[in-house]
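Here is the structure we will look at, set down as structure tokens.
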Amino acid sequence: MADSSTALVNRTRSRGGTRPRAAAAGRRSVTAYLFLAPFLIIFAVFVLFPAVYGAWISLHVWNPLIDNRPFVGLQNFIDLFTPDSLTFEDFWESMRATGIFVVGSVPLLLAIPLLVATLLNRKIKGGTVFRAVFFAPYVLGVAVISVLWRYLLDPQLGAVNAVLGLLGLPSDTPWTVDVPWAWISLIGITVWWTLGLNTVILLAGLKGINPDLYEAASLDGAGGWQKFTHVTLPGLRPVMTFVVTITLLSSANMFGQSYLITQGAPGTQTRTAIMYIADQGLGQNQMGAATAMSYVLFAILAAVSVLNFRLQRDNTK
Amino acid sequence: MKNPTLRALAAVAILGLGASLAACSSGSSGDAADSVRGESDYSGPEVDITFWNGWTGGAAPKLVPKLVAEFNDSHPNITVKSNAMEWADISQKMPLAIKAGKGPDVAVGHGDDVATYAAQGLLLKTDDVVDALGYAATDFPDGLMEAGQFDGSQYGVPWSVTPLGLYINKDVLRTAGLDPETAPTDQKSYLAALDALKAAGIQGEWADGYVFTGTFEFQSLLWQFGGDLFNDDVTEATFNSEAGVEALTWMTDLIENGYSPANVAQDGNINALIGGQTAFNWNGVWQTTNEALQSTDWTAIPVPQIGTEKAVWSSSTHWMFPANKNGDPDKSAAAATFVKWMNDNSADWASTGELPAQNSVREDPALLANYPALAPFLEQLEYAHYETVSPGITSAMAAVTTGVNEAMLGKKSPKDALDDAAKKATALLKQNKAQYGG
């Protein structure tokens, strides 16, 4: 902080002569690049190169175990849009599964953490304890929460149905084996598991809103709801854009929960896109088809993200 | 290129290149390079050999190092280094490691993997070694040697088999007034037992549509009704035959007739048997070592004959000799000696919940004296069916599970589910043929 303000002062002062300014700026850039270099190298090796290499792979029938990898042009992509091909039905069924999960989970992963963060933002007793309680599940791994809930939600032997039975409710709901209940379970588990992260980020955003604004709103006669819509929500806008984006992307990348809790059943209805792509590429060694699918998924996610940024752009400025 | 020294160097380089190319081509066409040298008792120079396996759980992590240490002590010129990792890790790492010349000298793989590896040129042929070690097909259960063959050559040497059996919770049978010692053996007696249990308010066999139980029960029934998974040259799925529909309908009828709850989750059935909520479960021999099961009064018997003939599903594991790039023939020869010794000393492998493949070991009365629970599983081996041998077969088998799952969860009729799955499986077989040949 101090450094950047000094820099600002320097820049203002050196407005007269161009040469020292350019030299200083150059030196600053070099330092910055040096600090960024390790990340850039890792980015290039593990993200950029695989992405470009993946595009090349997607143009072939690419079984990594066989030396013969014929070039097929856009055939892998054409297959994904040809109803009778080997991959068409499975791929779009898996995209549909991912879509259902995103539509079901993202609104809840925004609304509930916002509500919880607003409550935690009030100066209540034990606020930190509650914050820890809400965040706690997030530190568990996907394997842990999946095995845990598979036991609890077992249709015949699970604790959840047993408790529902005691309350006089239906005790044979197929939570983990049939739709739509499997979706309710997968979405519910994911919300419980990850809401802590969004809560903490939104809470930080709430704390960053100037309290004077609330006071001013009160003086203008605003009630609780009006303060929320006119001060809290606009104040959270930049944080919200970030939270929406990461929540969308992480929900669209859902894999572990389906893989471990429902095994994609019934049939392959809860097999998500990432699960199907992983099976194609790593299970069946069809890397060409799998990378083509990844690119289609990527294109759709990119479009959704752009739309999200457009919609959340601050139009008041 | 006026400089004579340079010219000489270039000539040497070209000659060297030619020689190495010649070595390569003679290597790949010659017998020595694509087969394991047959030697029952390795007598070459001292070698270190690496051994990969997926035995990370149960009794194996203690037993394998013990066996390896015994072998190393008794074979001064061979040092085996055992490396256990998850099966999934092996199937991901091994092909690339072999191509880079860094694979193991010997490994154990599942029956449905051998052909896939062999078709990719990742394995050495073991015809010679099988002869040299003195193995014949009759040294192993019927059909097991064939389960390690691909394209007319032997690639696997049998190590273990794991058939299905019928697990019984005796206390549950007693509750229903049944004598646990009179076990059901056929469709009639099995249905009679299920009816008696039903009358006592117990759903006798919880039927699911997942791998490990539902899929394996379906395959057993398919063979029992005279059907098969694929045609002879594995180019077409045939599990949607009349026999297949009959087999799967038998399973969905268990739910329909109230012998099983609907919507059973994976492993729900064995857990219910352990919890005393059901009497029967078709499950693999590996459950004999399930610790939770030991708290119940259980027994296992051969799976009842529901169809027109006796048949039961079994998987198998095989020794494989990777064709490492620039592999040392001495190492694979030493590995063959290790394999022979392991098979001869495999009696305690039963403690891991698998049956040793070698007949002489299984037929030794000491085996049953130590592991009496295995008797019903040994009994079934004469009519056991093993996994289909064909490269890339696991993707087609996944379609079988999807079909069984859809029928068991009431999403499709058994016929529709099997027809859809068979169509998918046949398309996948076609893809496999195009990629792997064979």
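The values are calculated or read from the model by the stated rules, or taken from the named source; none is laboratory data. Bear in mind the structure is a predicted one, so any value in this text is a computation, not a measurement. FYI the Cβ positions are ideal-geometry reconstructions off the backbone, even for glycines, and counts take in every protein chain you see.
Scanning segment A:251-262 turns up one or more residues that are buried (at least 20 other Cβ atoms within 10 Å of the Cβ), touching a helix residue (DSSP H, G or I) at 6+ places or on another chain (Cβ under 7 Å), farther than 30 Å from A:H60 by Cβ and more than 14 Å from chain B (Cβ to nearest Cβ).
Taking segment A:202-267 as the region of interest, the helices (runs of 4 or more DSSP H) fully inside it that hold 3 or more residues being assigned by TED's automatic domain parsing to the domain that holds A:L115 and within 30 Å of A:Y151 (Cα to Cα) are A:233-252. Among the residues of segment A:31-67, those identified as surrounded by 11 or more Cβ atoms within 10 Å (Cβ to Cβ) and within 14 Å of chain B (Cβ to nearest Cβ) are A:H60, A:V61, A:W62, A:N63, A:P64, A:L65, A:I66.
Inside segment B:193-218, can you point out the residues that are under 18 Å from B:R174 (Cβ atoms) and in contact with a Pro (Cβ under 7 Å, 6 or more places away or on another chain)?
Of all residues in segment B:193-218, those under 18 Å from B:R174 (Cβ atoms) come to B:193-205.
B:A193, B:Q203, listed by residue number.
Pairing each residue of segment B:52-71 that is within 20 Å of B:A292 (Cα to Cα) with any residue that is part of a loop (DSSP other than H, G, I, E, B), provided the two are 6+ apart or on different chains, yields C-beta distances under 7 Å for B:T56/B:M85; B:T56/B:E86; B:G58/B:G353; B:P61/B:W55. Take the residues of segment A:129-148 that are touching a Leu at 6+ places or on another chain (Cβ under 9 Å) and more than 20 Å from A:I246 (Cβ to Cβ): which is surrounded by the fewest Cβ atoms within 10 Å (Cβ to Cβ)? This residue is A:A143. Would you say B:W282 is crowded, with 24+ Cβ neighbours inside 10 Å, under 27 Å from B:E382 (Cβ atoms) and more than 14 Å from chain A (Cβ to nearest Cβ)? Yes, satisfied. The residues of segment B:250-263 that are away from chain A (no Cβ under 12 Å) and part of a loop (DSSP other than H, G, I, E, B), listed by number, are B:N257, B:G258, B:Y259.
Entry remark, segment A:146-181: residues being free of Cβ contacts under 8 Å to residues at least 60 places away in the same chain, more than 11 Å from chain B (Cβ to nearest Cβ) and part of a helix (DSSP H, G or I) number 9 in total.
Evaluate segment B:328-349: report whether one residue or more is over 29 Å from B:T252 (Cα atoms), free of Cβ contacts under 8 Å to residues at least 40 places away in the same chain and under 21 Å from the mean Cα position of the chain (by Cα). Break it down stepwise before answering.
Filtering segment B:328-349 for residues over 29 Å from B:T252 (Cα atoms) gives B:328-349.
After this cut, where a residue has to be free of Cβ contacts under 8 Å to residues at least 40 places away in the same chain as well, the list is B:344, B:347.
Restricting the remaining residues to those that are under 21 Å from the mean Cα position of the chain (by Cα) gives B:344, B:347.
Among the residues of segment B:328-349, at least one is over 29 Å from B:T252 (Cα atoms), free of Cβ contacts under 8 Å to residues at least 40 places away in the same chain and under 21 Å from the mean Cα position of the chain (by Cα), which makes the answer yes.
Annotation note: of B:T308, B:T394, B:T402, the sole residue that is surrounded by fewer than 22 Cβ atoms within 10 Å (Cβ to Cβ), farther than 29 Å from B:F51 by Cβ and assigned by TED's automatic domain parsing to the domain that holds B:K188 is B:T308.
The numbered conditions (1) touching a Ser or Thr at 6+ places or on another chain (Cβ under 7 Å); (2) without any contact (Cβ under 8 Å) to a residue 40 or more places away in the chain are all true for B:E46 except (1). Of all positions in segment B:170-190, none carries a residue that is in contact with a strand residue (DSSP E or B) (Cβ under 7 Å, 6 or more places away or on another chain) and crowded, with 24+ Cβ neighbours inside 10 Å. Against the test of being of a type outside the set (K, R), away from chain B (no Cβ under 14 Å), outside any helix (DSSP H, G or I) and surrounded by fewer than 17 Cβ atoms within 10 Å (Cβ to Cβ), the options A:I112, A:I184, A:I78, A:I124 yield a single qualifying residue, A:I124. Would you say B:S314 is over 30 Å from B:T79 (Cα atoms), of a type in the set (S, T, N, Q) and either surrounded by fewer than 21 Cβ atoms within 10 Å (Cβ to Cβ) or out of contact with any Leu (no Cβ under 6 Å at 6 or more places or on another chain) (or both)? So B:S314 passes the test. Considering (1) in a loop (DSSP other than H, G, I, E, B); (2) modelled with pLDDT of 95 or more; (3) under 27 Å from A:S146 (Cβ atoms), the lone condition that B:Q266 does not fulfil carries the number (2). Checked against (1) farther than 24 Å from B:P104 by Cα; (2) surrounded by 22 or more Cβ atoms within 10 Å (Cβ to Cβ); (3) outside the structural domain of B:I270 (by TED's automatic domain parsing); (4) polar (S, T, N, Q), B:T138 passes all but a single condition, namely (2).
Residues of segment B:48-63 that are buried (at least 19 other Cβ atoms within 10 Å of the Cβ) and among the aliphatic types (A, V, I, L, M): B:I49, B:A60.
Based on what the data block shows, is A:A289 within 14 Å of chain B (Cβ to nearest Cβ) and closer than 22 Å to A:P50 by Cα? Against the criterion (within 14 Å of chain B (Cβ to nearest Cβ) and closer than 22 Å to A:P50 by Cα), A:A289 qualifies.
Considering only residues of segment B:226-249 that are in a loop (DSSP other than H, G, I, E, B) and surrounded by 22 or more Cβ atoms within 10 Å (Cβ to Cβ), which is farthest from the other protein chains (Cβ to nearest Cβ)? It would help to see each step written out before you state the result.
First pass over segment B:226-249, keeping only residues in a loop (DSSP other than H, G, I, E, B): B:226-229, B:231-236, B:238-241.
Then keep just the ones that are surrounded by 22 or more Cβ atoms within 10 Å (Cβ to Cβ); that gives B:229, B:239-240.
Details: B:L229: 18, B:F239: 16, B:N240: 15 Å.
In this case the residue turns out to be B:L229.
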